[in-house]
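The values are calculated or read from the model by the stated rules, or taken from the named source; none is laboratory data. The model shown is predicted, which means the values in this text are computed figures rather than measured ones. Positions of Cβ are generated from backbone atoms using ideal geometry, with glycine treated the same way; all protein chains shown enter the neighbour counts.
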C-alpha cells in the first residue's frame with residue numbers, strides 16, 4: 001500500500017545513550033581480558049560515544065566473544081552499587097537529591113561534567129569511588145564542607161588537579177577516592193560557594209508555607 005513506511009533494518013535504527021553505555025562496558029571488559037590494547041580501546045570508545053545507529057555500535061564489538069556481553073550485563077545489574085556517566089561533545093551534571101552509587105564511572109570525550117554531592121543521597125556509606133576515563137574535558141566536583149579527596153590511584157597526563165580548602169570535617173562530609181586515567185583534563189574539587197549557598201537558602205525559604 002502506498003504511503004506505508006518501510007521497515008527499518010536494526011543496523012539503521014537509532015541507538016540510545018544506554019546502548020552506547022552498554023557497548024563501552026563491553027569494550028572495557030574486552031580490554032581487561034587483553035583482547036584489545038589501550039590505544040584501540042580509546043579509539044573504539046570514542047567511536048561508541050559518537051555512534052548514531054546500532055550498526056555503528058555493532059561493528060565495534062563484532063570481533064569480541066559473547067562472554068564480554070555476559071560480563072557487561074552482569075555489571076549493569078549492579079546499578080545500585082555502580083553507575084556510569086558517558087559524555088561526548090556535550091555536558092552532563094548530577095545535582096540536587098540524586099542517589100549516589102558506591103562507584104561512579106565517568107567517561108568523557110570533549111565535554112564538561114559537574115558532580116554536586118552537597119544535596120545527594122548516599123547508600124549508607126559516604127565514601128564514593130569515582131573512576132575517570134576522560135580526554136579534553138572539564139570535571140567539576142562540589143562537596144560538603146570537610147570532605148576528603150584521594151587521587152593517589154589516578155593516572156594523569158596533561159591534567160590539572162585543583163583542590164581548594166574543603167574546610168573542617170563535619171557530619172555531611174564525604175570521602176572521594178578518584179582513580180582511572182585522564183588526559184588534557186581540568187579536575188576541580190570545590191566546596192559550595194557562598195553565593196550558591198545563599199541562593200540555595202533563599203530557594204528553600206521561598207518554598208516554605
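Results, tabulated for the structure shown:
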{"quantity": "Some residue of region 76-89 being at pLDDT 85 or above, surrounded by fewer than 14 Cβ atoms within 10 Å (Cβ to Cβ) and within 25 Å of residue 141 (Cβ to Cβ)", "calculated": "yes"}
{"quantity": "Lone unmet requirement of (1) at pLDDT 85 or above; (2) part of a helix (DSSP H, G or I); (3) surrounded by fewer than 14 Cβ atoms within 10 Å (Cβ to Cβ) for residue 56", "calculated": "(3)"}
{"quantity": "Single residue of 2, 72, 67 found to be crowded, with 16+ Cβ neighbours inside 10 Å, outside the structural domain of residue 128 (by TED's automatic domain parsing) and modelled with pLDDT under 75", "calculated": "72"}
{"quantity": "Top-ranked residue of region 123-137 - restricted to ones that are touching a strand residue (DSSP E or B) at 6+ places or on another chain (Cβ under 8 Å), closer than 14 Å to residue 147 by Cα and surrounded by fewer than 20 Cβ atoms within 10 Å (Cβ to Cβ), ranked as modelled with the highest pLDDT", "calculated": "129"}
{"quantity": "Residue ID - modelled with the lowest pLDDT, chosen from residues in region 167-189 that are surrounded by 17 or more Cβ atoms within 10 Å (Cβ to Cβ) and within 20 Å of residue 118 (Cβ to Cβ)", "calculated": "173"}
